[in-house]
Amino acid sequence: MSSERGQFSSRFGFISAATGSAVGLGNIWGFPTQTASHGGGAFVLVYLILAFLLAYPALMAELIIGRHTRHNMVGALPQLTQRPALQVIGRATGLYGVLIASLILSFYAIVAAWLMAQVPAAVANIGGQQPAASWFTQSSLLRDSLFCVLFLALTAAIVARGVKDGIERWSSRLMPALLLLILGLTAVVLTLPGAMEGLRLYLVPDFSLIAHPSLLTSAMGQAFFSLSLGVGTMLVYGSYMSKTDNLPLTGAYVALIDSGIAFLAGLLIIPAMFVAHQQGIEIYSADNTLIAGPDLILKTLPTLFNSLGLSGALIGLVFFLLLSIAALTSSISMLEVPVTYALEQFTISRSRATWLIASGIFAISLLILFNFDELFGSVINITTKYSQPLLGAMLCLFAGWALHRDKLLSEISAGYSAAEQGLFWKIWPSYIRFVCPVLVIIIFVQNVRT
Ligand code: PFF
């Protein structure tokens, strides 16, 4: 077993890495498209409420377990209890988490490949190289496999360098770049004709839609996916945190930045759709709802960028660069889950473990690509719709019931000496024991039934 454990060098390092994990395609693609297909502002409101009532407490459960045990998810859960039966359940939950994190990465890499291919497409467009541009734009097995391997190799190259020199360094560089790109792009898009109509749809809630059952379910699922919960990513990042960090506050920053960037992405994408509408581009599907699937990002928006001439091509370039960066800072956190498990379970170097596991994940991505219609949607459903909420509930139960109250308090008090008198300690322990698991189980049951 390897005894060398990495640690983030500062609170900024942890916040960059954790927000890097949280902010990804889920924010920039998932959140705006879910908003578009669930009637705009009503979804935004419900999402923001759930992100803080449900996802933030669950995030805290993962961070606390991680920092307390200083282990990967498989090793961490059995450590919380003396009861052999619970230890077995903990281990099995951890192994399931590692499997799900790996499967999420295998489909995420495919989506990231589609988006990354748009970057050279935009460059070729700007350079007037039409045939090259259309090769990069059109999906083919060759293009998708090549960009998938490129994306996974970039991910592995960062993870192989370790916590401080790989994950922290690259997240701290890429996250501020991402924020600047998204702010700049939003400012540009909001000045274009048609944008205000989109802004209205996005920001004004239609309260008649709030009671819609699928709105609640989707908003909860989205909050879980967006904060990278359930599969041990945040647990592992928590295990690299310093004991001097104030956990409730640092976790709150991560949740706030994640929701803030999702909100900002909506201010970019929904108005951009209405700018496209103004240009005569179709933004409604046959059933009269706003286009929301891959077509929105891969067809509607590129058509808009192309119709705006050179400045449009530049906007397109920045947009797909932004998406690629967001995907990369998330994918490194997914790969870190099986890699940490391998490091703490077997005698193997980080670099070897990383490249071996990344190759295995690429093999699964290829399997999905070659059996796309049968596998792609099912893998997404099994991992994000069913497994993430279920695993999240298990982690809440472990934090709430298996970890002794005194240990819980001393973990929270490390880095926050006034914890015992604070509001967080008054509410969170019972909240995590009862409210969170019940809420998560409600989502789970609803998900299965719908
Ligand atoms: N939070 C990421 C996103 O919003 O795109 C997705 C994600 C990352 C899910 C890491 C799960 C995970 F372990």
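Values quoted throughout were computed directly from the atomic coordinates according to the rules given, and no laboratory measurement underlies them. These numbers were taken from a predicted model, which means no experiment stands behind them. Every residue, glycine as well, gets a Cβ built from its backbone with ideal geometry; the counts of neighbours run over all protein chains shown.
On a 0 to 90 degree scale, rounded to 10, what angle separates helix 11-22 from the longest Cα axis of the chain? So the inclination is approximately 60 degrees. Could you tell me the distance between the Cα centroids of the range 115-170 and the range 1-69, to the nearest Å? Cα centroid to Cα centroid, the span is 24 Å. All other residues whose Cβ lies under 14 angstrom from that of GLU282 are scored, Lys and Arg at +1 and Asp and Glu at -1, for a net of -1. By the Cβ rule of 4.7 Å, the chain holds the following cysteines without a possible disulfide partner: CYS148.
A straight Cα-to-Cα reach below 19 Å connects LYS243 with the lysines LYS164, LYS407, residues fewer than 8 places away in its own chain not being considered.
Using a ≥ b ≥ c from the Cα gyration tensor of the range 232-321 (square roots of the eigenvalues), is it rounded, prolate or oblate, where a/c under 1.5 gives rounded and otherwise the larger of a/b and b/c decides, a/b for prolate? The shape class here is prolate. Sorting SER10, SER330, SER145, SER208 from the fewest to the most surrounding beta carbons within 10 angstrom yields SER208, SER10, SER145, SER330. For the chain, the longest principal axis of the Cα atoms and the long axis of helix 141-160 meet at an angle of about 40 degrees. The residues ASP144, ASP373, when put in order of fewest to most other Cβ atoms within 10 Å, stand as ASP373, ASP144. Remark: the Cα gyration tensor places the range 330-450 in the oblate category, a/c being 1.5 or greater and a/b not exceeding b/c. Distance from the alpha carbon centroid of the range 391-450 to that of the range 321-374 works out to 29 angstrom. Dividing the Cα radius of gyration of the range 279-352 by its Kirkwood radius returns 1.27 for Rg/Rh. Going by a ≥ b ≥ c, the root eigenvalues of the Cα gyration tensor, does the range 168-243 fall in the rounded group (a/c under 1.5), the prolate group (a/b larger than b/c) or the oblate group? Here the range 168-243 falls in the oblate category. Remark: spin-label model distance GLN82-LEU190 equals 5.8 nm, labels positioned 7 Å along the Cα→Cβ axis.
Taking Cα atoms only, the orientation of helix 388-397 departs from the longest principal axis of the chain by about 20 degrees. Working note: Cα atoms of the range 67-114, range along each principal axis, descending, whole Å: 47, 21, 7.
Once the Kirkwood radius over Cα pairs is known for the range 22-103, the Stokes-Einstein relation at 25 °C and 0.890 mPa s delivers a diffusion coefficient of 163 µm²/s.
Specify the residue with the greatest mean-square fluctuation among ALA418, ALA276, ALA262, computed from a Gaussian network of the chain linking alpha-carbon atoms under 10 Å apart. For the chain, modelled as a Gaussian network with Cα springs under 10 Å, the answer is ALA418. Per the Debye formula on identical point scatterers at the alpha carbon atoms of the chain, with no solvent, log10 I(q)/I(0) at q = 0.06, 0.11 Å⁻¹ is -0.24, -0.83.
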